[in-house]
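Report on the structure given below.
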Amino acid sequence: MSYRHTDKPTPSKRKQARTASHTGALSDLRKHDLAENGGQLPGGDTLRNLTPMGPTAAARELGRPVGEMGNPARGAGRTGASHPMTVNEAVLALLRPKPTLTQLANEPADIRAAAQAAFDAPAGLGTIASYATEVALPATGTWANPGKGGAQTDIVITAPEDGVLLLFVEIDNCFESAQVLAGKTDKYMRFGQRKVKDVDGKERPMCRTRWWVPDGRHGDRPHPPLLLVFNRVGPRNPDTVIAQLAELTERHWKGTAYDGGFHMYDGKLPIVATGMKLLKEHGPAGAVFRRFGRPHKQTLLEAIGNPRREAADARQRAEYAARQWEHQEELRRIAAQHRAEREASRPVCAGCGTRFTDERWKAIEPTGWDAPRDTHPHLCDDCKQRAITAERQAEQAGSEHQEHDQAVPEQKAGGTWLSRFRS
């Protein structure tokens, strides 16, 4: 809807036309005691807040527990709501909602072009349900009744579908000193270190009892990262504040260097900083995020992650796969050499000249002193069978001839006696 009504003649009329539906929705919320006026902004605009019943109604519409809806903005109406409005801008810059192009089909060409450019721009993080504001992070007490010493983060982002499991965001309008921000960082660290008993009786980090955070890799399990967004409206220079803050909080974020060219951040708090102007212009996909301890700006996912560790792990996996491949190739080469040597030593049939089959070769190999010996070890199976058949035929013929030779002399002897007798 931000792309509509840009053809109105004056800024006030464009704003009136653009926000007409929002004004109507607020009027409807006020009728149901879900919204109220929260003070006057410096530019003359009126701030609207949700009443205590508002978060309950919003939770019902979003399908979320009321406890995850956050708390009312701090100081809204008393300080001109500059900080809550900056929080809203940060949410929009991180979320980067896309316009519905079909609803702009009848708008002028310049409006459609601007909407198309926003639609084609890199996507943001999650959906509106991925964000909660003014969430207490108790260092003592409970979620419902947090004690003293805990942090209250401006924004909590849970967008695992986009690679952000859990991210805390702190907004600074450049009014606070590095020492004040360091004190807030200590509170985030205490919350990250706090462990409580879960429903199964096991002790876990408190954040994991409310949000889904995986175990992580052994030896590299940092606390949920903290993103600092500096909106340069106050008198302090954010570059100076960031340099001082990095020095004051080094014990919280500094990792342990390893030979692979990466660091491990077990038990550390990743701290990332950026400016509101850069965030609104480039979004989370832009290389505008500086993580404390790293020399170059990165995208948000790179800044809160450990890309050098990932690259080292990828190299290690590739080297291991290469070694495995070389080992398998060596095994295949040795096996092929053994097969070649065995084939070279395979016996040849003395009858037909063909090489023995594995079964025939195994049959003629010695299997022990008491094992029966195979006959015709120099012949293949076919030649062996032919030799055995020939031997049997020869034995049978010899037996018949012997029987014949034994029967003929008896007949001759009988004939001679009879002739003598007759004579």
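The values are calculated or read from the model by the stated rules, or taken from the named source; none is laboratory data. Everything numeric in this text was worked out from a predicted model, so none of it was measured. Quick reminder, even Gly has a Cβ in these numbers, built from the backbone with ideal geometry, and neighbours come from all protein chains shown. Note: areas computed on protein heavy atoms with side chains; ligands, DNA, RNA excluded. Shrake-Rupley method; radii C 1.70, N 1.55, O 1.52, S 1.80 Å.
If only one of A114, A105, A123 is more than 32 Å from the chain's Cα centre (by Cα) and surrounded by fewer than 16 Cβ atoms within 10 Å (Cβ to Cβ), which one is it?
On the way: A114 fails: surrounded by fewer than 16 Cβ atoms within 10 Å (Cβ to Cβ); A123 fails: more than 32 Å from the chain's Cα centre (by Cα).
After applying the criteria, what remains is A105.
Just checking, how many residues over region 127-151 are in contact with a Ser or Thr (Cβ under 6 Å, 6 or more places away or on another chain), open to solvent by 20 Å² or more (accessible area, probe 1.4 Å) and polar (S, T, N, Q)?
Adding up the residues that qualify gives 0.
For region 321-368, what are the residues that are among the acidic types (D, E) and at pLDDT below 80?
Residues of region 321-368 among the acidic types (D, E): 326, 329-330, 341, 343, 358-359, 365.
E365, the sole residue that qualifies.
Take V169 and decide whether it is at negative phi, in contact with a helix residue (DSSP H, G or I) (Cβ under 9 Å, 6 or more places away or on another chain) and modelled with pLDDT under 95. Before the answer, list the steps.
Numbers: at negative phi: yes; in contact with a helix residue (DSSP H, G or I) (Cβ under 9 Å, 6 or more places away or on another chain): yes; modelled with pLDDT under 95: no.
It is false that V169 is at negative phi, in contact with a helix residue (DSSP H, G or I) (Cβ under 9 Å, 6 or more places away or on another chain) and modelled with pLDDT under 95.
Would you say G261 is touching a helix residue (DSSP H, G or I) at 6+ places or on another chain (Cβ under 8 Å), loosely packed, with under 14 Cβ neighbours inside 10 Å and under 22 Å from T299 (Cβ atoms)? Break it down stepwise before answering.
Values: touching a helix residue (DSSP H, G or I) at 6+ places or on another chain (Cβ under 8 Å): yes; loosely packed, with under 14 Cβ neighbours inside 10 Å: yes; under 22 Å from T299 (Cβ atoms): yes.
Yes.
I'd like the full set of residues that are open to solvent by 10 Å² or more (accessible area, probe 1.4 Å) and among the hydrophobic types (A, V, I, L, M, F, W, C), limited to region 269-280.
Across region 269-280, the qualifying residue is only L278.
Take the residues in region 152-162 that are closer than 19 Å to H223 by Cβ and open to solvent by 50 Å² or more (accessible area, probe 1.4 Å), then tell me which one is nearest to the chain's Cα centre (by Cα). Reasoning before the result, please.
Of region 152-162, the ones closer than 19 Å to H223 by Cβ are 152-160.
Still in the running and open to solvent by 50 Å² or more (accessible area, probe 1.4 Å): 152, 160.
Working: Q152: 29, P160: 9 Å.
Restricting to residues being closer than 19 Å to H223 by Cβ and open to solvent by 50 Å² or more (accessible area, probe 1.4 Å), the top hit is P160.
Can you list residue pairs whose Cβ atoms sit under 9 Å apart, with the first residue in region 120-138 being on the phi > 0 side of the Ramachandran plot and the second being part of a loop (DSSP other than H, G, I, E, B)? Count only pairs 6 or more apart in sequence or on different chains.
What qualifies is E134/G70; E134/N71; E134/P72; E134/A73; E134/R74.
Using the structure shown, decide if A93 is at pLDDT 90 or above and not in a helix (DSSP H, G or I). Lay out the reasoning, then the answer.
On the way: at pLDDT 90 or above: yes; not in a helix (DSSP H, G or I): no.
No.
So for region 276-283 (the condition being in contact with a strand residue (DSSP E or B) (Cβ under 7 Å, 6 or more places away or on another chain) and either aromatic (F, W, Y) or more than 24 Å from H223 (Cβ to Cβ) (or both)), does at least one residue qualify?
Here is the first cut: in region 276-283, the ones in contact with a strand residue (DSSP E or B) (Cβ under 7 Å, 6 or more places away or on another chain) are 276, 279.
From what is left, the residues that are either aromatic (F, W, Y) or more than 24 Å from H223 (Cβ to Cβ) (or both) are 276.
Yes, some residue in region 276-283 is in contact with a strand residue (DSSP E or B) (Cβ under 7 Å, 6 or more places away or on another chain) and either aromatic (F, W, Y) or more than 24 Å from H223 (Cβ to Cβ) (or both).
D266: more than 16 Å from A178 (Cβ to Cβ), touching a Lys or Arg at 6+ places or on another chain (Cβ under 7 Å), surrounded by fewer than 17 Cβ atoms within 10 Å (Cβ to Cβ) and among the acidic types (D, E), yes or no?
Yes; evaluated as a whole, the condition is true for this residue.
Would you mind stating whether A159 is in contact with an Asp or Glu (Cβ under 9 Å, 6 or more places away or on another chain) and aliphatic (A, V, I, L, M)? Step through it out loud before you land on a result.
Numbers: in contact with an Asp or Glu (Cβ under 9 Å, 6 or more places away or on another chain): no; aliphatic (A, V, I, L, M): yes.
Answer is no for this residue.
Of all residues in region 197-250, which are surrounded by 15 or more Cβ atoms within 10 Å (Cβ to Cβ) and β-branched (V, I, T)?
Correct list: V213, V229, V241, I242, T249.
Looking only at region 140-159, count how many residues are at pLDDT 95 or above and out of contact with any strand residue (DSSP E or B) (no Cβ under 7 Å at 6 or more places or on another chain).
Of the residues in region 140-159, 1 are at pLDDT 95 or above and out of contact with any strand residue (DSSP E or B) (no Cβ under 7 Å at 6 or more places or on another chain).
Which of (1) surrounded by 12 or more Cβ atoms within 10 Å (Cβ to Cβ); (2) at pLDDT below 80; (3) among the hydrophobic types (A, V, I, L, M, F, W, C) is the odd one out, the single condition A371 does not satisfy?
So A371 meets the others, but not (1).
Consider L166 carefully, then state whether it is open to solvent by 30 Å² or more (accessible area, probe 1.4 Å) and aliphatic (A, V, I, L, M).
Numbers: open to solvent by 30 Å² or more (accessible area, probe 1.4 Å): no; aliphatic (A, V, I, L, M): yes.
So L166 does not fit the description; no.
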